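A quick write-up on the structure given underneath.
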Amino acid sequence: MIDDPDFSLALEATWQRLYPDDRRQYTWHDDQKDLTLILSAGSHDISFGQIDQASRLVLDLLLHSETTIATVLGRTATIYEPVIVPRPWGRAIAYYGHDGAGRQFGHSAILTCRCRISAGLWSSRRSEAELLAAMDDIASRIVFDRTPLDQERPFR
């Protein structure tokens with residue numbers, strides 16, 4: 001069970017935590033499924049009017065880091081369908097792809113006026129469809145404050 005100040009997530013017993021001393025970054029691996037998951041969160045206060053600009057910035061940073069990592073490892077990253085989707089509580093950000101070594105990866109982020117929650121998932125043996133199904137399952141089980149953006153809330 002991950003119990004972060006901004007979200008919670010219950011994982012099956014097959015998931016084992018790696019690097020348990022990382023604060024607000026949670027790295028897990030499931031040997032049976034050949035999946036590695038990195039979740040991270042950060043608290044912030046942004047206004048409703050800044051949510052789209054902040055979402056584009058988050059997506060740009062994620063894509064830049066993905067291609068930089070691939071370059072450092074001597075690989076080429078191919079990224080498909082980066083999207084920002086409006087939700088009542090904020091924005092959902094996602095993309096998926098693969099690299100030259102056959103690694104499939106996907107990334108999903110949740111951006112609200114109060115926090116950012118990112119989930120990256122990858123595998124060297126799972127197909128694109130299997131990875132996307134696993135990503136959808138994990139993202140659907142993340143519990144966070146889904147208060148609609150249009151409701152007045154004072155900053156923390």
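The values are calculated or read from the model by the stated rules, or taken from the named source; none is laboratory data. Everything numeric in this text was worked out from a predicted model, so none of it was measured. Cβ placement follows ideal geometry from the backbone for every residue including glycine, while neighbour counts extend to all protein chains displayed. For the accessible areas, the whole protein counts, side chains as well, though only heavy atoms, and no ligand, DNA or RNA atoms are used. Shrake-Rupley method; radii C 1.70, N 1.55, O 1.52, S 1.80 Å.
Enumerate the pairs (first residue in the stretch 46-69 and charged (D, E, K, R); second residue anywhere and open to solvent by 40 Å² or more (accessible area, probe 1.4 Å)) with beta-carbon separation below 8 Å, excluding pairs fewer than 6 apart on the same chain, so at least 6 apart or on different chains.
Short answer, once both residue conditions are applied: Asp52/Ile84; Arg56/Ile84; Glu66/Ile79.
Any idea how many residues of the stretch 85-103 are closer than 14 Å to Asp136 by Cβ and either at pLDDT below 95 or buried (at least 20 other Cβ atoms within 10 Å of the Cβ) (or both)? Walk me through it before giving the result.
To start, the set of residues in the stretch 85-103 that are closer than 14 Å to Asp136 by Cβ comprises 85, 92, 94-96.
Applying the additional criterion that residues be either at pLDDT below 95 or buried (at least 20 other Cβ atoms within 10 Å of the Cβ) (or both) yields 94, 96.
Result for the stretch 85-103: 2.
From the list Arg116, Arg91, pick out the single residue that is in contact with a Ser or Thr (Cβ under 6 Å, 6 or more places away or on another chain), basic (Lys, Arg) and in a strand (DSSP E or B). I'd like the intermediate steps shown before the answer.
Numbers: Arg116 fails: in contact with a Ser or Thr (Cβ under 6 Å, 6 or more places away or on another chain).
Testing whether each residue is in contact with a Ser or Thr (Cβ under 6 Å, 6 or more places away or on another chain), basic (Lys, Arg) and in a strand (DSSP E or B) leaves just Arg91.
Any residue that is aromatic (Phe, Trp, Tyr), more than 19 Å from Ser40 (Cβ to Cβ) and in contact (Cβ under 8 Å) with a residue 60 or more places away in the chain - is there at least one of those in the stretch 142-155?
Of all residues in the stretch 142-155, those aromatic (Phe, Trp, Tyr) come to 144, 155.
Remaining after also requiring more than 19 Å from Ser40 (Cβ to Cβ): 155.
Filter once more, keeping what is in contact (Cβ under 8 Å) with a residue 60 or more places away in the chain: 155.
Yes, because at least one residue in the stretch 142-155 is aromatic (Phe, Trp, Tyr), more than 19 Å from Ser40 (Cβ to Cβ) and in contact (Cβ under 8 Å) with a residue 60 or more places away in the chain.
Taking the stated definitions as given, is Glu128 within 25 Å of Gln32 (Cα to Cα) and open to solvent by 50 Å² or more (accessible area, probe 1.4 Å)?
Working: within 25 Å of Gln32 (Cα to Cα): yes; open to solvent by 50 Å² or more (accessible area, probe 1.4 Å): yes.
Yes, satisfied.
Could you tell me which residue of the stretch 133-145 is surrounded by the fewest Cβ atoms within 10 Å (Cβ to Cβ), considering only residues that are out of contact with any Leu (no Cβ under 7 Å at 6 or more places or on another chain) and under 14 Å from Ile93 (Cα atoms)?
Only one residue fits best here, namely Ser140.
Give the stretch 1-57 a look and list any residue that's assigned to a strand (DSSP E or B), open to solvent by 50 Å² or more (accessible area, probe 1.4 Å) and over 23 Å from Ile93 (Cα atoms), or say none.
Result: Gln16, Arg17, Leu18.
Going by what's in this entry, would Leu121 be described as under 16 Å from Leu37 (Cβ atoms), of a type in the set (A, V, I, L, M) and not in a helix (DSSP H, G or I)?
Working: under 16 Å from Leu37 (Cβ atoms): yes; of a type in the set (A, V, I, L, M): yes; not in a helix (DSSP H, G or I): yes.
Here the answer is yes, as Leu121 does meet what is asked.
Hey, can you tell me all the residues within the stretch 67-79 that are in contact with a helix residue (DSSP H, G or I) (Cβ under 9 Å, 6 or more places away or on another chain) and open to solvent by 60 Å² or more (accessible area, probe 1.4 Å)?
Arg75, Thr76
Could you pull out the residue among His107, His64 that is closer than 18 Å to Glu128 by Cα and either open to solvent by 70 Å² or more (accessible area, probe 1.4 Å) or assigned to a strand (DSSP E or B) (or both)?
Values: His64 fails: closer than 18 Å to Glu128 by Cα.
Only one candidate passes the filter, namely His107.
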